[in-house]
Amino acid sequence: MEDYILVLEHNATASSGERLEILAPVDNGGRFTDVVKEFAGQHVLTANPKIVEFLQANGRLLGHGSLSHSYPHCWRCKNPVIFRATEQWFVSMETNDLRKEALAEIDRVRWIPAYGRDRINGMIENRPDWCLSRQRVWGVPIPGFTCIGCRSVLADPTVIEHIATLMESKGADVWFEQSAVDLLPKGTTCPKCGGTAFEKERDILDVWFESGVSYAAVLKERKWWPADLYLEGSDQHRGWFHSALLAGVVTDRRAPYKAVLTHGFVLDGQGKKMSKSAGNVVAPQDVIKQSGAEILRLWVAAQDYRDDLRISPEILTHLIEAYRKIRNTCRFLLSNLYDFDPGKDRIPYEQLSELDRWALHRLSELILRVRKSYDDFEFHTIFHALNNFCSVDLSSVYLDILKDRLYTFRADSPLRRGSQTVLFEIVVAMTKLMAPVLSFTAEEIWRTMPEACKKSVGTTSVHLAAFPDITVEWINPDMEQRWEDLLHLRGEVQAKLEGKRREGVIGAPLEAKVTIYAQRANPAMYDVFKPYENFLPTLFIVSQVELVAVDNNVDANIMSDLSDGFGVVVDRASGRKCERCWNYREAVGKDVDHPTLCDRCVEAVQ
């Protein structure tokens, strides 16, 4: 190519007598033609040593040596590629300002990720004219004809329309089966010399031209043009996205898409290219057969597709565990709605406990994050948000605390019904949010809801339901800040409980009494915890909690970190164990009719 360009540049400024001939003395078999008499019929690569000898014998060899360098090879048969200068069909990048208009359209398209814009912009800026023709045995033909008399090209729109009509009725093979005289409309003459004898074009169209104009058949016929999104691998900046852009600008003066999303390629767990010979292929059908289609879809959604994607049995095992966490969380939610009728039992937001309102606040943040991630095509964020919500906000905090209320409170108590109200809101919202990814699981959850809940959601399928909207009153930043302090305290208490369990002081957390020593100032944690004093046993899932105010001169053994503003001490709880709720209370044994129950459980069973 460099030699060819050099000759063009030279000839552009040279006089007619100094112009160089563009010479391509190689035939279709890679052999020298008769133009090179000394080597005619010899393959160009095997003739190299003889050419060196010929130049040396004629005193024209300036140097001879060897150099190790990369050289293009055919990706299929692995043989070296030979370059030849041959006649082709082109679309000019400068005529009708194609390059300029294509660059302008690039800036009107949304590129995901954003660096896709710079990549295709650089390609369009520097690309040569678009070569449309390929030398293949079969494909979509170029409907051109050459006059045998004057060698001018006949490219008449009327003729092209005639050929298109023939193909519509007889298929593309008609071009290869019939002669030029049968393909042309009767009476066709050469506009230049008036000749009537023509030969048909033997080249076919580049397959990327076919892909590039596919929008015309797929979208325009259905009034869907331009496309909302083109989606393919990152190599298609040079392929489909590229050809579609040029085709769209040429024919319609705009890009055929509003947005373009590109993704990386699938590699094995070590980041290596998959191949059968290496034995590292993870086939989609094998994943589906072993783990189900949901796991494959979850793996796709969990990856940051902007980079190359890795897959291996180990990676899939981690995703299976994450899937089980999401599924089991939904099972827990459903199992505690068996006696809940949203139409009758729903508790108004203002009457909910703060624990329930905190859960709805976290749910509202999940809805905001997931909906934005769908809009931004950030699918891996959706997976991580759902997984984190199930693992942390629900399993480790809300549902863990809630079990006592759900299992031991009176069935129709306001606190239990309030929690069921929140569980219902959570399972409905989560199912809607996961439906595009975990399609079967979401539908299974939707159909497994109790009948009263099904009536309330209004649709027979989750895939007929809209995404959940944000309920503004659920969002409470001030409460979120308070709960950050409470959950930090809870984490410290749990660490102390685990230490006492290892020492054998307690077995289960309900055997413990926790004393919180909280500073009145710098920081004033006592004021933060005091309003929640009666709630702290529920928050820690222990039997008893005592909150003690201290000044800054507190025993260092208690206040291990003054910056936290509190210290935690764990002892065994006083009183006896209630056989129903397992809490240790002084009231156990004081009711004659129920000597093994605490006062709270006596009220519930009565």
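Only the coordinates and a few stated rules stand behind these numbers; no lab work does. As the structure is a prediction and not an experimental result, all values here were calculated from the model. When we count neighbours, we look across all protein chains shown, and the Cβ atoms used for this are built from the backbone with ideal geometry, even at glycine.
Residue pairs exceeding 28 angstrom between C-alpha atoms, taken from 50/78; 192/220; 372/403: 192/220; 372/403.
Neighbour counting of Cβ atoms within 10 Å sorts the residues 445, 82, 315, fewest neighbours leading, into 82, 315, 445. Computed over the range 272-407, relative contact order equals 29 percent, with contacts defined as Cα pairs under 8 Å that lie 6+ residues apart.
Potential lengthening of the chain between residue 508 and residue 593 amounts to 27.8 nm, from the contour at 0.36 nm per residue minus the alpha-carbon distance.
Which value in deg cm²/dmol, rounded to the nearest 500, describes the helix-derived mean residue ellipticity at 222 nm for the chain, given -39,500 (n - 2.57) per DSSP H run of n ≥ 4 and division by the residue count? Provide the component values of the computation, followed by the final result.
Numbers: 24 runs with 259 residues, N = 606.
Value at 222 nm, helices only, nearest 500: -13000 deg cm²/dmol.
When a/c is below 1.5 the answer is rounded, else prolate if a/b is larger than b/c, else oblate, so apply that to the range 24-86 with a ≥ b ≥ c taken from the square roots of the Cα gyration tensor eigenvalues.
Numbers: a/c = 2.48, a/b = 1.25, b/c = 1.99.
Oblate is the answer for the range 24-86, as a/c is 1.5 or above yet b/c matches or exceeds a/b.
Taking Cα centroids, how far is the range 1-34 from the range 466-531 in Å? Cα centroid of the range 1-34 versus Cα centroid of the range 466-531: 81 Å apart.
Calculated on the Cα set of the chain, radius of gyration then Dmax: 37.9, 124 Å. Footprinting exposure proxy ranking of 461, 419, fewest other C-beta atoms within 10 angstrom first, gives 461, 419.
Relative to the longest principal axis of the Cα atoms of the chain, the long axis of helix 2-13 makes an angle of roughly 60 degrees. Across the options 330, 313, 351, the greatest Cα extent toward the positive end of the charge dipole of the range 301-362 (unit charges at beta carbon of Lys, Arg, Asp, Glu) belongs to 313.
Under a model in which nothing but the beta-carbon of Lys, Arg (+1) and Asp, Glu (-1) is charged, the range 91-261 shows a dipole of about 260 debye around its Cα centre. Counting only residues at least eight positions apart within a chain, or on another chain, the lysines with an alpha carbon under 16 Å from that of residue 513 are 496, 500, 577. Phi angles across the range 469-484 convert, under the Karplus curve 6.51 cos²θ - 1.76 cosθ + 1.60 with θ = phi - 60°, into 3J(HN,Hα) values of 8, 7, 8, 4, 5, 6, 7, 9, x, 5, 5, 4, 5, 4, 6, 4 Hz, Gly and Pro given as x. In terms of surrounding Cβ atoms within a 10 Å radius of their Cβ, 20, 309 rank from fewest to most as 20, 309.
Where a ≥ b ≥ c are the square roots of the eigenvalues of the C-alpha gyration tensor, would you call the range 247-382 rounded, which needs a/c under 1.5, or, failing that, prolate if a/b is larger than b/c, or oblate?
Values: a/c = 2.95, a/b = 1.48, b/c = 2.00.
Verdict is oblate for the range 247-382.
So, with +1 on the Cβ of K and R and -1 on the Cβ of D and E, and no other charges, what is the size of the charge dipole of the range 17-137 about its Cα centre, to the nearest 20 debye? Kindly include the intermediate steps, with their values, before the conclusion.
Details: 17 positive and 15 negative charges, 114 e Å.
Approximately 540 debye in magnitude.
Computed from phi, the 3J(HN,Hα) profile of the range 512-521 under the Karplus parametrisation 6.51, -1.76, 1.60 (θ = phi - 60°) reads 9, 10, 10, 10, 9, 9, 10, 6, 7, 8 Hz, with x in place of Gly and Pro.
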